[in-house]
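Beneath this line is the structure, given in structure tokens, with notes to follow.
The values are calculated or read from the model by the stated rules, or taken from the named source; none is laboratory data. As the structure is a computational prediction, the values presented were derived from the model and not from experiment. Note: ideal-geometry Cβ built from the backbone for every residue, glycine included; neighbour counts use all protein chains shown. Accessible surface areas use protein heavy atoms only, side chains included; no ligands, DNA or RNA. Shrake-Rupley method; radii C 1.70, N 1.55, O 1.52, S 1.80 Å.
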Amino acid sequence: MPEVAPVLMVCAEEARVEAELSGGALVCPSCRGTLRPWGHARARVLRCAAGSRVLRPRRARCRSCAGTHVLLPELALLRRRDEVVVIGAAIEAKAAGAGHRTIAGRLGLPKDTIRGWLRRFAARAEQARVHFTRWAFALDPELGPILPAGGMVMDALEAIAIAARAWVLRFGAGEAWRIAATLAAGLLLCNTSCPFPPVR
Ligand SMILES: [Zn+2]
């Protein structure tokens, strides 16, 4: 069993999410039923590259299974206080050879926070590689083979980059780490016992 109820990743534009939700355009991550507005989750501060912002994610309730789900903006990952783009930059810096102290200094964040992200990403790297490889081929069935990139973390980053590129080719411009957050349903840095959702 996953340790958390599935969240639905949504666009960061609140007005658009509101319109989609009230128009019945958002589907339940558990059963694909229609979601309806169901209040808000508690407010939280998200540290972004451009400064902190307060998020108050929407909650929704499914008409079919009656489950409630948090609608998490694609900026964020579940249970992380920092924007996914910032987390992704730290992971890429580590892959390029920087240590966690250097990265922490560069991003102006506590080194334990950085170390926590890097360790969790490394622990999940093989799961992430498999998940994003499936997504890459689901989005682009013509895709050629993905070659080994030099280690588990590098392979995971390569799969994320290729899946994000395939997503952009299919749906239009988007930021790679936000796409990764969406395709991983916000679970990119969750515990390894919390599986990624099936690719569909
Ligand atoms: Zn449902």
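List of remarks:
- Charge sum, other residues only, whose C-beta stays under 12 Å from His40's C-beta, Lys/Arg counted +1 and Asp/Glu -1: +3
- Potential lengthening of the chain between Phe171 and Asp112 amounts to 17.6 nm, from the contour at 0.36 nm per residue minus the alpha-carbon distance.
- A DSSP coil position with no more than 16 other Cβ atoms inside 10 Å describes the following GluC sites (Glu not before Pro) in segment 1-82: Glu3, Glu13.
- Taking label positions 7 Å along the Cα-Cβ direction at both Val27 and Phe137, the computed distance is 2.2 nm, reported to one decimal.
- Positive contributions from Lys and Arg (+1) and negative ones from Asp and Glu (-1), summed over other residues with Cβ under 11 Å from the Cβ of Ala98, come out at +2.
- Heavy-atom accessible area per residue - the chain, 1.4 Å, Å²: 52
- Percent accessible area from carbon and sulfur atoms, the chain, protein chains only, probe 1.4 Å: 53
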